[in-house]
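Participant: I have a structure I would like to understand better, so I am pasting it below and will then ask my questions one at a time.
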Amino acid sequence: MARIYHAELGEVNNYLDSHDKAKRYQEYQDAILNKLREFAEQPELSNRIHDVISRASSPHEPLKSRKKIALKLRKWRKTNLKAKVSDVHDIAGLTISCPYPSDVEIVQKYILDNSDKYKTIFSVKSCREIDRSDYRAYHFELHGKGKFISCKAEMQVKTVFAKSWGLKTHDLTYKPPGDIDARLQMHIDKLGHILKIVDDQSEIVKDLIEQAWTLDKKRRDAAQRSLLSSFGPGINSELETILDRWKDIEKEIVTAPVNSDTIMEFDHLLTEYVEKNGTSHEFCRLACLYALSRPSRDRNDFALGLIDDWIDTIPVTDKSYRNAQVFLCNALMSLSEYEECIDRSKAIVKIAESEPAASDPLLAAKLNHAYYLSEAFYHRAFDEPVGAGEKDTEETVQCGQEALALVADWRSKIEASPKRDQLMDTLGAVLISCGETEAQVREGLDICRDALASSRGKAGHEAISTFFSLHERRAFVRLLQFE
């Protein structure tokens, strides 16, 4: 007995078998695929496209199956008797899958905005956004150009989840009406809806992670600018040559593999300098600058080891010993080595407490310790990639409370200090990170603004200015949590 789509299937076979139409559709599909893969290699899309596939990626048929074309034609003719095989727009088909819904939007816009890059192969006849409770994608109808003038193709842009679910359920849509149990269809729809929710939730998680990365990058950039500004005219010529070399290859250092020639060269420059000249404060600034250039943090131990070697050369009784320890703490904090930073900071407080007439150094040591505690608190409580979710642990709560208690105890002594602006900036930063109310966070931001304004024209202004944008951004993030 003939199938219900027998007549339409005959038309499909005649259409595709005449004049090498099937071969021409495959060539058209391949040409689009190659062009889309070129798009995927563009810097603005390279991280937003997971893969690009065509119907030829299937092990069964390189184009839409003739049965499915016939079924579609039969369905169309229920409302349009004049429908022809050449009207079917998805005989050739391609799919771009993206990690996140926001990537789908960016890729869709890129394709529409860059028609000059594919105008010799195809044009976009239409672009439909499909946004149901169980499915979301953009469907493009592409019309061939030149030798592909009679060909059409459908291109879909969707998330990896949407593509995967489509692969599981797609063939069911081609079964004759009544073959799918209503209860089964209900479960399919529900699972599709759940996957769409997961897609939306993954977008939220991505945004939080990127936000934390942005803040971490701002902190590292601020620390770099602060270190660069601290190199004085007294830097020796050999060290200046290494610093100039770092400036020349800074962008390469950021992305180079750890075993690359770039990293090995700079490691060699530093170790060769130490073997010849030993370590110094200026040299340790450069080592820290180098470590901060590596987002992977794989040069932290290298730099911190060099700083430790320098501190070991300073007698404990020397006045510069405490200052060297302060530098180490700042380096540890900049490099996100929170636990060691707090332990070292406690030692600095003890040193300051043991010094006679050390009221101002002790004040600075206490407030710096509060700042390090506040950074550890913020890192554990709010930095999504490296600690979020630990806000309510005893150790995290203790960091925040201890930081707030220290600034409360020592706040009254700040106005009389010769380092008033720097200490006020530290106070504001602690309140922003650890404030338990919206009012405390706002007060912290106001204090940082006051310190910035008050320091203009003074020695500490550049460092305060460098970190202000970080404090401001962090304050805005915190304030949103109270809404």
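The values are calculated or read from the model by the stated rules, or taken from the named source; none is laboratory data. None of the values given here were measured: they were computed from a predicted structure. Using ideal geometry, Cβ is built from the backbone for each residue, glycine included, and neighbour counts are taken over all protein chains shown. Just the protein is used for accessible areas: all its heavy atoms, side chains included, with ligands, DNA and RNA removed. Shrake-Rupley method; radii C 1.70, N 1.55, O 1.52, S 1.80 Å.
Participant: With unit charges on the beta carbon (Lys/Arg positive, Asp/Glu negative), name the residue among F302, C329, T313 whose Cα is farthest towards the positive pole of the charge dipole of the range 290-333.
Facilitator: C329
Participant: Using the Cα atoms of the range 260-382, I'd like the radius of gyration and the largest Cα-Cα distance, Dmax, both in angstrom.
Facilitator: Radius of gyration, then largest Cα-Cα span, for the range 260-382: 15.6, 52 Å.
Participant: Same structure again: Run the dipole for the range 399-483 about the Cα centre, Lys and Arg Cβ at +1, Asp and Glu Cβ at -1, nothing else charged, and hand back the magnitude in debye, nearest 20.
Facilitator: Numbers: 11 positive and 13 negative charges, 59 e Å.
Dipole of the range 399-483, to the nearest 20 debye: 280 debye.
Participant: Note the full-extension length gain between D116 and H268 as 0.36 nm times their separation in residues minus their Cα-Cα distance, in nm to one decimal.
Facilitator: Details: separation 152, 0.36 × 152 = 54.72 nm, distance 4.82 nm.
Stretched fully, the D116-H268 segment lengthens by 49.9 nm.
Participant: Could you work out how far apart the two model spin labels at E105 and A439 are, taking each label as a point 7 Å from the Cα in the direction of the beta carbon, and quote it in nm?
Facilitator: About 3.8 nm, to one decimal.
Participant: Now for a different question. Could you calculate the contour length gain from T317 to A453, that is, 0.36 nm times the residue separation minus the distance between their Cα atoms, to one decimal place in nm? Could the numbers behind the result be given before it?
Facilitator: Working: separation 136, 0.36 × 136 = 48.96 nm, distance 3.74 nm.
Gain on extension, T317 to A453, equals 45.2 nm.
Participant: For the range 54-115, calculate the relative contact order in percent as a whole number, restricting contacts to Cα pairs under 8 Å that are 6 or more residues apart.
Facilitator: Numbers: 33 pairs, mean separation 20.8, N = 62.
Relative CO of the range 54-115 lands at 33 percent.
Participant: Something else now. Taking all protein chains in place and a 1.4 Å probe, what share, in percent, of the accessible surface of the range 1-70 do carbon and sulfur account for? Please report the intermediate quantities before stating the final value.
Facilitator: Details: 1960 of 4230 Å².
For the range 1-70, the apolar C and S fraction of the accessible surface comes to 46 percent.
Participant: Please compute the length gained on full extension between E41 and E27, using 0.36 nm multiplied by the number of residues separating them and subtracting their Cα-Cα distance. Please report the intermediate quantities before stating the final value.
Facilitator: Numbers: separation 14, 0.36 × 14 = 5.04 nm, distance 2.16 nm.
Stretched fully, the E41-E27 segment lengthens by 2.9 nm.
Participant: Grab the other residues whose beta carbon is less than 13 angstrom from that of Y110, score K and R as +1, D and E as -1, and report the net. Please report the intermediate quantities before stating the final value.
Facilitator: Working: positive: K35, R48, K109, K117; negative: E38, E41, E44, D103, E105, D113, D116.
Charge balance in the 13 Å sphere: -3.
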